[in-house]
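*Asks:* Here it is, the structure, as structure tokens.
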Amino acid sequence: MRTFEVIEWIRRSIVAGPVVPGGRTVRRRRTQPRYRRPNSRCRQPIRIYGFRIQGSNLTSPARFNTHMPTRLDKILSFVDEDTRRSFMRKSAGALAAGGGVAGLSETAAATPHESGEGSGRRDSFYFPDITLRVQQTPNRSVHWIRPGTRRLSEYTFGTPNNPYMLPDHWIDIADGDIADLLEENQEELPVAGVPLESRDEDGDEFVETDFDTPFSDDAEEVDGRLRVVYQDRQPYDLDQDPGDSDDESDIAVEFEDPDGTEYEIDFKSVYEPPYPNYETGSGVLLGNYINGITGTGTPLEPRQLALGAVWGICDLLIEGDVEDEDRLVRIKTSQSVRNEDYELAITPDLPLSEDDAYLGRDHQTDLLLPPVKLDDDGNPTFDPVSTEYSDQNFIHVVFDEDRITSVTGKRGRPDDVPGDD
């Protein structure tokens with residue numbers, strides 16, 4: 001099965017409900033695409049790939065996707081055969097007939113239900129420690145994204161008579177400083193939505209933004225290299241300080257701008273952005289959907305499967321000197337979203353076929369430095385990124401020829417259950 005067919009199967013399974021090997025289909029009620037918060041509670045325990053899951057754990061697609069065998073399937077569908085075999089060998093497991101990960105031992109996925117009973121997340125299974133490693137070596141395709149307008153799809157933004165993705169809702173429920181940040185910078189920081197007055201219309205449809213964004217089709221090839229380690233120890237958000245995540249990431253990124261100026265990222269720590277609409281899995285997210293209608297990321301990018309994504313705090317070095325400190329950074333490895341002409345796809349265009357995707361690739365990694373940094377009190381504040389190129393207030397770089405080098409897992413123990421004291 002081709003990779004884009006796998007993605008399409010995953011997309012359909014999220015709408016209609018996943019087919020449980022040896023069991024029944026878990027059905028979920030469809031809702032308005034703007035929010036996608038269906039109630040999918042299953043009243044009876046079921047087994048998925050040999051692991052017992054109580055109905056209380058299946059209250060939303062986001063919660064369902066935290067089940068590790070399911071998320072591992074998504075990641076493993078993108079890796080090469082050697083990496084897949086290495087993971088399965090180290091995990092002492094094998095692929096089940098239904099395409100799932102089965103027989104996972106102490107180095108792999110969730111602990112089977114032992115007591116035969118239980119109604120809560122921690123009673124039913126533990127979460128494992130999953131690590132995804134990605135790299136891109138020099139002399140391969142890298143693109144610097146310039147500011148530009150972004151086309152708007154009806155799927156994500158609706159129509160002038162029935163608009164979606166307006167920022168007012170999330171601004172209203174955000175905490176004080178975050179609400180001010182989002183309200184005062186709705187065009188510069190479009191994480192909660194796009195204001196109606198900032199959308200160009202043509203008859204009964206939206207066409208594009210009337211402001212420049214970091215998600216344009218205007219790009220220039222540059223040089224760069226990248227190594228990212230996504231370590232997901234805590235796969236769901238907790239009510240905690242944004243910098244207190246148990247997730248970890250090891251990042252080394254170097255790149256140039258179109259003028260040849262050299263940049264480097266000094267990654268400091270994982271950070272869970274305190275935006276009310278975000279669900280980042282405690283800062284590192286593996287095998288889940290972000291952007292578009294999901295609420296996590298930005299609606300200006302298409303809804304896409306992120307094999308790995310990390311939000312964190314970094315310093316920005318220019319020509320070897322620290323130019324900017326304590327900046328917010330987001331790095332993600334996702335299904336390809338740029339077509340053969342290097343245009344950013346809209347959600348209905350995905351998944352891209354091998355013929356349509358840039359370089360025929362099925363995944364890519366990109367780095368985004370938005371105009372946000374931490375102030376002296378550790379709170380996010382608006383602050384344009386320092387660059388030596390033009391007057392743009394962000395940096396967005398795409399690594400088109402990344403390679404997934406390994407996927408490893410380690411089963412949780414009773415004293416490793418996330419959130420326990």
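The values are calculated or read from the model by the stated rules, or taken from the named source; none is laboratory data. Worth saying up front: this structure is predicted, and the values here are computed from it rather than measured. For neighbour counting, all protein chains shown are included, and Cβ atoms are generated from backbone atoms with ideal geometry for every residue, glycine included. In case anyone asks, the SASA skips ligands and DNA or RNA and just uses the protein heavy atoms, side chains included. Shrake-Rupley method; radii C 1.70, N 1.55, O 1.52, S 1.80 Å.
*Asks:* Amide H of residue 394: which non-local residues (sequence gap of 5 or more, or other chain) have their own amide H closer than 5 Å, using H built in the peptide plane?
*Replies:* 385
*Asks:* ³J(HN,Hα) across the range 341-348 via Karplus (A = 6.51, B = -1.76, C = 1.60, θ = phi - 60°), whole Hz, x for Gly/Pro?
*Replies:* Residue by residue, the range 341-348 yields 8, 6, 8, 6, 5, 9, 3, x Hz.
*Asks:* With a/c under 1.5 counting as rounded, go ahead and sort the range 195-304 into rounded, prolate or oblate using the C-alpha gyration tensor (a ≥ b ≥ c being the square roots of the eigenvalues; past the cut-off, prolate if a/b is larger than b/c, else oblate).
*Replies:* oblate
*Asks:* Roll a 1.4 Å probe over the protein heavy atoms and report the accessible area of residue 221 in Å², nearest 10.
*Replies:* 110
*Asks:* Shape call for the range 124-235 from the C-alpha gyration tensor, a ≥ b ≥ c root eigenvalues: rounded (a/c under 1.5), prolate (a/b greater than b/c) or oblate?
*Replies:* Oblate shape, in that a/c is at least 1.5 and b/c is the bigger or equal ratio.
*Asks:* Moving to a separate point now. Could you rank 150, 140 by how accessible they are, 1.4 Å probe, largest area first?
*Replies:* 140, 150
*Asks:* At a Förster distance of 22 Å, what's the computed FRET efficiency of residue 162 paired with residue 183, Cβ-Cβ distance as r, to 0.05?
*Replies:* According to the calculation, E is roughly 0.40.
*Asks:* Can you send over the solvent-accessible area of residue 387, 1.4 Å probe, protein chains only, in Å² to the nearest 10?
*Replies:* 30
*Asks:* What do you reckon, how do 301, 340 stack up by accessible area (1.4 Å probe), largest on top?
*Replies:* From most exposed to least exposed: 340, 301.
*Asks:* What residues qualify as long-range amide H neighbours of residue 290, i.e. H under 5 Å apart, gap of 5 or more or another chain, H built at 1.01 Å from N?
*Replies:* Those lying under 5 Å, H to H, from residue 290 are 304, 306.
*Asks:* So what J values fall out for the range 321-328 if you push phi through Karplus, 6.51 cos²θ - 1.76 cosθ + 1.60 with θ = phi - 60°, rounded to Hz, Gly and Pro as x?
*Replies:* Once rounded to whole Hz, the list reads 10, 5, 9, 8, 10, 6, 8, 6.
*Asks:* I would also like to ask the following. Taking the Cα atoms of the range 271-421 alone, what are Rg (to one decimal) and Dmax (as a whole number) in Å?
*Replies:* Answer for the range 271-421, Rg first and Dmax second: 17.1, 53 Å.
*Asks:* When all protein chains stay in place, what accessible area (Å², nearest 10, 1.4 Å probe) is found for residue 383?
*Replies:* Solvent-accessible area, nearest 10 Å²: 50 Å².
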